[in-house]
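Trainee: Sharing a structure with you now.
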């Protein structure tokens, strides 16, 4: 699975878990205005369905969702406004 942090990050701390296991942790995450990306990580997942959890501070935002990795191996995570985490899944990499 390939996770991409996209739009809206401005010096945030981000933790991403997959099936309860921490797979990403970073501070100072900031979206590049040219590429509209903040960071990315590839994660090996030995099961078909994964529960992806995201925690972002400041803002104390948290959300989780289930994704079928065989159908949607690419997941984009964005911040919308000050209080919304948005997820987008895809069969193909995000540009």
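The values are calculated or read from the model by the stated rules, or taken from the named source; none is laboratory data. All of these numbers come straight from a predicted model, not from anything done at the bench. Glycine also receives a Cβ, built like all others from the backbone with ideal geometry; neighbour counts cover every protein chain displayed.
Trainee: Out of the residues in segment 68-95 that are in a strand (DSSP E or B) and over 12 Å from the mean Cα position of the chain (by Cα), state the one that is farthest from residue 35 (Cα to Cα).
Mentor: Looking at residues that are in a strand (DSSP E or B) and over 12 Å from the mean Cα position of the chain (by Cα), I get 68.
Trainee: With the checklist (1) modelled with pLDDT under 95; (2) exposed (fewer than 12 other Cβ atoms within 10 Å of the Cβ); (3) in contact with a strand residue (DSSP E or B) (Cβ under 8 Å, 6 or more places away or on another chain) in hand, flag the one item residue 95 doesn't pass.
Mentor: Condition (3) is where residue 95 drops out.
Trainee: Here's another thing I want to ask about it. Being crowded, with 16+ Cβ neighbours inside 10 Å, touching a strand residue (DSSP E or B) at 6+ places or on another chain (Cβ under 6 Å), assigned to a loop (DSSP other than H, G, I, E, B) and touching a residue at least 12 places away in the same chain (Cβ under 8 Å) narrows it down to one of 8, 53, so name that one.
Mentor: 8
Trainee: In contact (Cβ under 8 Å) with a residue 12 or more places away in the chain, more than 13 Å from residue 85 (Cβ to Cβ) and surrounded by 11 or more Cβ atoms within 10 Å (Cβ to Cβ): does that describe residue 2?
Mentor: Details: in contact (Cβ under 8 Å) with a residue 12 or more places away in the chain: yes; more than 13 Å from residue 85 (Cβ to Cβ): yes; surrounded by 11 or more Cβ atoms within 10 Å (Cβ to Cβ): yes.
So residue 2 passes the test.
Trainee: With the structure loaded, tell me whether residue 59 is surrounded by 11 or more Cβ atoms within 10 Å (Cβ to Cβ), in a loop (DSSP other than H, G, I, E, B) and touching a strand residue (DSSP E or B) at 6+ places or on another chain (Cβ under 8 Å) or whether it fails that test. Don't jump to the end; show me each part of the working.
Mentor: On the way: surrounded by 11 or more Cβ atoms within 10 Å (Cβ to Cβ): yes; in a loop (DSSP other than H, G, I, E, B): yes; touching a strand residue (DSSP E or B) at 6+ places or on another chain (Cβ under 8 Å): yes.
In short, yes.
Trainee: Determine whether residue 30 is more than 10 Å from the chain's Cα centre (by Cα) and at pLDDT below 95.
Mentor: Answer is no for this residue.
Trainee: So, one more: Quick one: count up the residues across segment 33-67 that are under 13 Å from residue 1 (Cα atoms) and over 14 Å from the mean Cα position of the chain (by Cα).
Mentor: Matching residues across segment 33-67 total 6.
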